[in-house]
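What follows is one structure encoded as structure tokens, with my remarks underneath.
Bear in mind these aren't lab numbers, they're just calculated from the coordinates by the rules spelled out. Since we're looking at a predicted model, the values are computed, not measured. Positions of Cβ are backbone-derived with ideal geometry, glycine not excepted, and every protein chain shown enters the neighbour counts.
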Ligand code: GTQ
Ligand code: FE2
């Protein structure tokens, strides 16, 4: 093992008296903290955790009687990392929560600089409208609301609909560029295009002639589960299985082949029954949402058992591997694109030591 930086020097009474003396001028000695800040390997604050849907769902359903979607603006139970309670985050950089919308409800049009994804967990009949274009939700669909696009949600069906929200909220809060508005002080954005227009225009391996893109956000904002699952099943048929990931595909921005949004990458993976993957360790955190199948994931020393609709978090630099007891389809999102853009991304494959 290579050594880290120099151990912290002793805090003698004489030194402490000096620190106390200079403190009022807002200066402090680096050598007292250097070894705990510039660590040999990442020391993330979040811890591994699983949220069992069967345990959270009753509380989520209770919120329907507690507050309307309108009053709440968004009726969301935040999945708070147990090590970061009160910080409205699931990992150091990411936010996640379950959002509930009841039949007949709408959640008004707003926009904000943090970007968001919705991964549909339960129910049918709801939609998210993005700049006035509806994306009708089905379980397992991925819907994006990139930075500063107008979005509202509604439920025109007859059952509660629940999805998992994922946002880069902690990251944007940390950096500072937080902006948000209500559309015309609370009106609904008018319908502009027919449903699925974005998929037809940009999501069928074709692009309108002359199409130009001025952001890194995918022009496709709706990725249907039926298409995603079919792709993975077909790949499985050809038999190439990655020892670390099983069969894992990234949702891409068709305009540049990159992640769907600048700060968040989204993936779906198939873990064939009885697979045991090799360890994966990455600097980024990963939030997993199980669609189908059961299994367990070992995250550092923590073992989480999962089934459909459960959510678990793998904080940065925790080695993790999966075991599926039957064919499983597991969605995940991560701030990995940020690490990559900044030249900070690192990963380890397999049982190598750091
Ligand atoms: O649905 O627009 O979980 O703006 C947090 C902030 C959801 C949303 C969240 C949001 C939304
Ligand atoms: Fe929003």
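Arranged by the count of other C-beta atoms within 10 angstrom, fewest first, what order do 238, 113 take?
Lowest to highest Cβ neighbour count: 238, 113.
Quick one: Cα centre-to-centre distance for segment 85-123 and segment 214-256, in angstrom?
Centre-to-centre distance over Cα atoms comes out at 23 Å.
Explain nothing, just the number: relative contact order of the chain, from Cα pairs under 8 Å at least 6 residues apart, as a whole percent.
Contact order relative to length: 15 percent.
For residue 83 paired with residue 226, estimate the spin-label separation in nm (one decimal), with each label point 7 Å from Cα along the Cα-to-Cβ line.
Here the modelled spin labels are 4.3 nm apart.
Could you state the angle between the C-alpha long axis of helix 13-22 and the longest principal axis of the C-alpha atoms of the chain, as a value from 0 to 90 degrees rounded to the nearest 10?
50 degrees
Alpha carbon centre of segment 132-173 versus segment 288-316: separation in Å?
23 Å
How would you rank 24-30, 244-250, 61-67, 213-219, highest first, on the average number of other Cβ atoms within 10 Å across their residues?
The packing order, highest mean first, is 244-250, 213-219, 61-67, 24-30.
Please arrange 10, 133, 159 by counting, for each residue, the other beta carbons lying within 10 Å of its beta carbon, fewest first.
Ranking 10, 133, 159 by Cβ neighbours within 10 Å, fewest first, gives 10, 159, 133.
What is the pair-distance distribution P(r) of segment 126-180, computed from all Cα-Cα distances in 10 Å bins starting at 0, with each bin given as a whole percent?
For segment 126-180, the pair-distance distribution reads 21, 46, 26, 7, 0.
Considering the Cα positions of segment 1-136, please state its Rg to one decimal place and its Dmax as a whole number of Å.
Final numbers for Rg and Dmax: 23.4, 69 Å.
If you take all C-alpha pairs in the chain, what percent of them are over 38 Å apart?
That fraction is 22 percent.
Could you tell me how many degrees, from 0 to 90 and to the nearest 10, lie between the Cα long axis of helix 53-66 and the main elongation axis, the longest principal axis, of the Cα atoms of the chain?
70 degrees
Would you please give the FRET efficiency between residue 326 and residue 252, computed as 1/(1 + (r/R0)^6) with r the Cβ-Cβ distance and R0 = 35 Å, to the nearest 0.05?
0.80
Using only alpha carbons, build the gyration tensor for segment 171-226 and give me the equivalent ellipsoid semi-axes, biggest first, whole Å.
Output for segment 171-226: semi-axes of 27, 18, 13 Å.
Rounded, prolate or oblate: pick one for segment 209-354, where a ≥ b ≥ c are the square roots of the eigenvalues of its C-alpha gyration tensor, a/c under 1.5 means rounded, and failing that, prolate if a/b is larger than b/c, else oblate.
oblate
Could you work out the helix-only [θ] at 222 nm for the chain, with each DSSP H run of four or more residues adding -39,500 (n - 2.57) and the total divided by the number of residues, to the nearest 500 deg cm²/dmol?
-5000 deg cm²/dmol
Sort 75, 201 so that the residue with the fewest other Cβ atoms within 10 Å of its own Cβ comes first and the one with the most comes last.
If I rank by nearby Cβ atoms, fewest first, I get 201, 75.
At 0.36 nm per residue, and after removing the present C-alpha to C-alpha distance, how many nm does the segment from residue 62 to residue 47 gain when stretched out fully?
2.6 nm
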